[in-house]
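A short worksheet on the structure shown next.
The values are calculated or read from the model by the stated rules, or taken from the named source; none is laboratory data. Computed from a prediction, not measured in an experiment: that's the story for all the values here. Virtual Cβ from ideal backbone geometry, glycine too; neighbours counted across all protein chains shown. Surface areas here come from the heavy atoms of the whole protein model, side chains and all, with no ligands, DNA or RNA. Shrake-Rupley method; radii C 1.70, N 1.55, O 1.52, S 1.80 Å.
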Amino acid sequence: MTREKALSRGFSLLDDGRTDEAISYFAELSAKDPHYHVKLALASAYAARAGVKIEKIYSFVAVKEIPQIEIAHSKTSEPTTGILNVLRQMSAHWEKVPELSSAPREDISRALQVLHDVTEPGAALYSATLRIVYIKSLVSEGLRNYLITTQGQVCTEELRPFFAWSLNILDVVKLLVKDVQKSFPERQKDCEQLQDDIERIKSEALAKPWPRETVCF
């Protein structure tokens, strides 16, 4: 059976709404034939189970704009507040991207893992778009929790999880930039600069000592 016919069989399962069967089918097919077309099919099956249809939610132009975000302007003297401000700027660009709960987000994570070693530009672009959905959900969830926590008095120990969360988001953004770099080689210089900025911000933020005693605001 040709690859095209094998893929067609799996997509028929997706069209019928049999996503679990499609995922199992494409996973077995990928083990036998690790071509990027097969990996894309498996990733799209995971995305389908998460309820994400890329072509309906976001223009790829938005991915191209990611390196333009001025993350270097983050106030590293106030690490948590500065990084959160940067994330709010990003979130403003993503109003059309759905917010996923933890279970669908796991499927997006699985899709990204399938594509992590694929270098073909189209597949990298698909990966970047999925990563935007993943990041958007993490950012929105974290900001909601942060706002709830800070409605009253907040102490330094309560801010520690949000600080770690914000640094984790930056790690994911760095992976997004790598996807963008694979998709648009002509943006390599911009992407490398942004990755350097992210690492610099993380280093400066981590160098900021937390108070030895609990401080409340």
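Among the residues of the range 191-217, just one is touching a Phe, Trp or Tyr at 6+ places or on another chain (Cβ under 9 Å) and within 20 Å of residue 125 (Cβ to Cβ), namely 191. Of note, residue 78 does not satisfy the criterion of being within 18 Å of residue 183 (Cβ to Cβ), over 15 Å from the mean Cα position of the chain (by Cα) and at pLDDT below 70. In the set (1) surrounded by fewer than 21 Cβ atoms within 10 Å (Cβ to Cβ); (2) modelled with pLDDT under 90, residue 126 fails one condition alone, (1). Pairs are defined by a Cβ separation below 9 Å, a sequence spacing of at least 6 or placement on different chains, a first member in the range 36-52 that is open to solvent by 40 Å² or more (accessible area, probe 1.4 Å), and a second member that is basic (Lys, Arg) and part of a loop (DSSP other than H, G, I, E, B); no pair meets this definition. Would you check which residues across the range 9-25 are surrounded by 12 or more Cβ atoms within 10 Å (Cβ to Cβ), farther than 18 Å from residue 107 by Cα and of a type outside the set (Lys, Arg) and list them? Once the filter is applied, which keeps residues that are surrounded by 12 or more Cβ atoms within 10 Å (Cβ to Cβ), farther than 18 Å from residue 107 by Cα and of a type outside the set (Lys, Arg), the range 9-25 yields only 12. On inspection, residue 133 fails the criterion of being within 14 Å of residue 172 (Cβ to Cβ), assigned to a helix (DSSP H, G or I) and modelled with pLDDT under 80. Once the range 150-191 is narrowed to residues that are over 30 Å from residue 117 (Cβ atoms) and surrounded by 14 or more Cβ atoms within 10 Å (Cβ to Cβ), the residue that is modelled with the lowest pLDDT is 154. Residues in the range 192-217 that are part of a loop (DSSP other than H, G, I, E, B) and of a type outside the set (A, V, I, L, M) were compared, and the one that is most open to solvent (accessible area, probe 1.4 Å) is 212.
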